[in-house]
1. Enumerate the helices (runs of 4 or more DSSP H) found wholly within region A:1-105, keeping only those where 3 or more residues are modelled with pLDDT of 95 or more.
2. Just the residues that are more than 14 Å from chain C (Cβ to nearest Cβ) and of a type in the set (S, T, N, Q), please, taken from region A:134-175.
3. So, in region B:74-89, of the ones that are closer than 22 Å to A:Gly55 by Cβ and either at the interface with another protein chain (Cβ under 7 Å from one of its Cβ atoms) or hydrophobic (A, V, I, L, M, F, W, C) (or both), which residue ends up surrounded by the fewest Cβ atoms within 10 Å (Cβ to Cβ)?
4. Scanning for something of a type outside the set (A, V, I, L, M), surrounded by fewer than 20 Cβ atoms within 10 Å (Cβ to Cβ), more than 14 Å from chain B (Cβ to nearest Cβ) and closer than 30 Å to C:Met79 by Cα, does region A:252-266 turn up at least one residue?
5. With crowded, with 16+ Cβ neighbours inside 10 Å and either outside any strand (DSSP E or B) or more than 14 Å from the chain's Cα centre (by Cα) (or both) as the only criterion, which of C:Glu233, C:Glu213, C:Glu247 stands out?
6. Of all residues in region C:124-135 being within 14 Å of chain A (Cβ to nearest Cβ) and within 25 Å of the chain's Cα centre (by Cα), which is surrounded by the most Cβ atoms within 10 Å (Cβ to Cβ)?
7. Can you give me the number of residues within region B:27-44 that are in a helix (DSSP H, G or I) and either touching a strand residue (DSSP E or B) at 6+ places or on another chain (Cβ under 7 Å) or modelled with pLDDT under 90 (or both)?
8. So which residues in region C:1-29 are of a type outside the set (Asp, Glu) and in contact with a Gly (Cβ under 6 Å, 6 or more places away or on another chain), if there are any at all?
Amino acid sequence: MLNSERNRVLTIIIAVILIIIPLLIKSNYYIRLINLCGIYLLLTVGLNIITGYTGNPNMAQTAFWGIGAYASGLLSIKLGLPFWLSLPLSGLVAAMIGVLVGIPTLKLKVFHFAIGTIAFGQIIQLFFKNLEITGGPAGLKSIPTPKIGNYVFDSDFSYYYIILFVIFILISLAYRLEHSKYGRALKAIKESELALQMLGINVSYIKVLAFGVSTFYAGIAGSLYAHLFTYISPDTFSFFEAVKVLTMLYIGQAGSISGAIIGSIVLTILPEALRFSKVYYMAIYGIGIVIIFAYLPNGLIGLTRHPKIRKYIKNLGLR
Amino acid sequence: MVIQLLVNGLGMGCIYGLVALGLVFIWKGVRIVNFAQGDFAILAGYLLASFYIEWQIPYVISIFIICIILALVSVIFERLVYRPLKNVSSVTIAVCTVGVSIFLQNIFQIIWGGMFIPIPSIFGSYLIMVGDIVIRPEYPLIIVVTLFVIIFQQYFLYNTVQGKAMRAVEADRDVASLMGIDTAKVVSTTFAYSGVLTALAGIMLAPIFFLSTASGSLIRLKALAVLVMAGFASVPGAVVGGIILGLSEVFGASYISSEYKEAISFGIIIIILLFRPSGLFGSTVKKKV
Amino acid sequence: MGTILQTTNLTKFFGGLCAVDGVNIEVKEGEIRGLIGPNGSGKSTFLNLICGIENNDRGEIFFNNQEINREPIHNRAKMGISRTFQTLELFKELTVLQNIMIGFHNSMKSNILGILVQTKKALNEEKDIYEQSTELLKIIGISNRANDRAGSLSYGQQRLLEISRALTTKPKLLLLDEPAAGLNLSEINDLVNLTYKINNQGVTIIIVEHRMEMIMKISDLITVLDEGKKIAEGKADDIKNNPAVQEAYLGKKREEYVRN
């Protein structure tokens, strides 16, 4: 079979599998897990656009996730907007705040940027916990489920298709961005900002642009999250979660969309598989972070590029 | 009332300063930020609970042992986490230290359980009374101890061979090793010293703060704020920054609001990063390219 | 031929050290100007000031009769100033082709929306740039390495790539910072030919070099700096025989040493 033919067949097979998953899975628990996977996938693909390409670690991605979630919830509850409107709007809200935050912070050196985003994330979480409008520490309840006409998406099985659809669109956009002039320039930032400026490229502008796109993804993920769980708690949008998303990116491969996808899936499903003892699992998780960042700088995808592993795959006749 | 707040603020400030000093020394030595430093301090607190309360070991001996243990822990940390990963970027190592922090917090949970452990004051219920102002004796003690640490440190760094070696390695590692200084040993000593500083901070913190598994995260973020104020590398900056933070928190909680007390540290970080990213004590370094 | 670059009293301090001291220079369009001087004379700082990497403390810089003192680097680049670096600033982890394509970034006019929606214009531009870049690689002779990591090229090829990338922005003034460093004689010959070719296309060139033979041969005029000040300016023969220049390079001290 020709390479391109084989790719097309593979794509079709994957597409079919994705579409019939809710029919194959019977348990609520697993379909909820898959939906959660999808949400983290969006967060991580978004994070890749700023952190994966330019190397600026955005530790506030989960704060923007929260901004999107609360924005969407409040737009629906207080203004009565349908989900189909509050979804893109919360993405835009997150993006606009992202641009505002990005403009001053992206001028800083990498470490200062990381600390700045940590501080911002913490302040945002503090606001979520203490403001009246966000429901305080108890969070936001009774967020309406999406509906079209009379059909209500109140089960995880139907909601799955909403998430799948959004993921499809956002991944295509991410792919287009990566293979455009912006993608190239962003990836070059890590190599030489000086050379980029000398080529007439306004590096600050494209950094802020990337940050805005990244927070847009976080906002969308937030909206999807809010209307799926119909209840959001400020504790979700924490520094710990921010580290988790960063780990998802790096375990896959920072700088690649497929890396982000793999990482988010692995790190959503793995913890569930290791559920036997929460405390021991968390200790292992801590060590896992050390191992991933230290010994797998190119993530699992990078591992497949390792010469020894390439030989192995070749021998299996898969290339 | 103001005097009370002043003393409390200074006291808390000294503790933040001590933890931040540990961070500054590590930064000057190996250019990394240790996100587990706060948990080291909490470890000292937990050890105090075990040694002093559970096993009834006399206070002074407990402190001594804990300082040694924390020094050892710091060096082990340096050998296991930092040394093998020297070629990886600093940010990556920093994230690794977050992993260590998570690991430690859960070890605390396993060993000491999840309940908050109260540590009784060594002063019993004795309180200092000045007129009608009530001051817990912990706070002045902290300030005195910190002063001693600073004096000792100044002497050590500027008047002893080992201290000068440490300063040489911080200034330029390659030149220092060319001059015959065993840089590896000096780096380990730096880590050990930062461990002792953190131990003292944790021990003094234990009676006046919540000792629970997640406290390390709170301390971490405050120490970060002080580190940013100190421009990462200023020793006096760490102490002064700590005091500024301590005073801001105490006065802020009292006059503004206590819920947003935590926001003070983060607010400070943001303001400094926006207007003086190289810290209050660094020279203004413009990020051009 | 008009003046393309002029500096008046250009001065830059680093703390207490004066790196560039009141330098007045006038470069005409189409010139090849050599810039020489002993180490530490301020040549690199001068180049940095022209392209905006450093900001001058005193004096003015005029490019095409426009004052550019406060313009950020990328604006000066858009106006037509380009530069190569002594320590190559290639995007080493990106491919050779990507390095060139990034150079064409600003000639692509579609904005982010157009790219995301994949308008016809965006798609055509991308295809167009791809072809232009591939063509350029063919001209400079490294199209067989188009998809390799830029860092995997030989040193000479990396230099060539950097200069070619600098040309993608169609500059009017090209600053070459020690382009011959690390090249062998045959590569230097190619470099000289390339420089002539670029100059013939109408690009003014300022070249900083330590290889005297090359600078003397290639420059229309040579400016000499020493300790931040301009000490001589003229044609190659005048500079060669100028006692002040000789003194700057060899130093008075040698005479004293010999005497003692």
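1. A:28-47, A:61-79, A:83-105
2. Residues satisfying the conditions are A:Thr134, A:Ser142, A:Thr145, A:Asn150, A:Ser155, A:Ser158.
3. B:Val88
4. Here is the first cut: in region A:252-266, the ones of a type outside the set (A, V, I, L, M) are A:252-253, A:255-256, A:258-259, A:263-264.
Next, only the ones that are surrounded by fewer than 20 Cβ atoms within 10 Å (Cβ to Cβ) stay: A:258.
Applying the additional criterion that residues be more than 14 Å from chain B (Cβ to nearest Cβ) yields A:258.
This time we only want the ones that are closer than 30 Å to C:Met79 by Cα, so: none.
Looking through region A:252-266, none of the residues is of a type outside the set (A, V, I, L, M), surrounded by fewer than 20 Cβ atoms within 10 Å (Cβ to Cβ), more than 14 Å from chain B (Cβ to nearest Cβ) and closer than 30 Å to C:Met79 by Cα.
5. C:Glu233
6. Result: C:Ser133.
7. Residues meeting the conditions: 4.
8. Residues satisfying the conditions are C:Met1, C:Thr8, C:Asn9, C:Leu10, C:Thr11, C:Cys18, C:Ala19, C:Val20.
The values are calculated or read from the model by the stated rules, or taken from the named source; none is laboratory data. Bear in mind the structure is a predicted one, so any value in this text is a computation, not a measurement. Don't worry about glycine lacking a Cβ; one is built from the backbone with ideal geometry, like all the others, and counts go over all protein chains shown.
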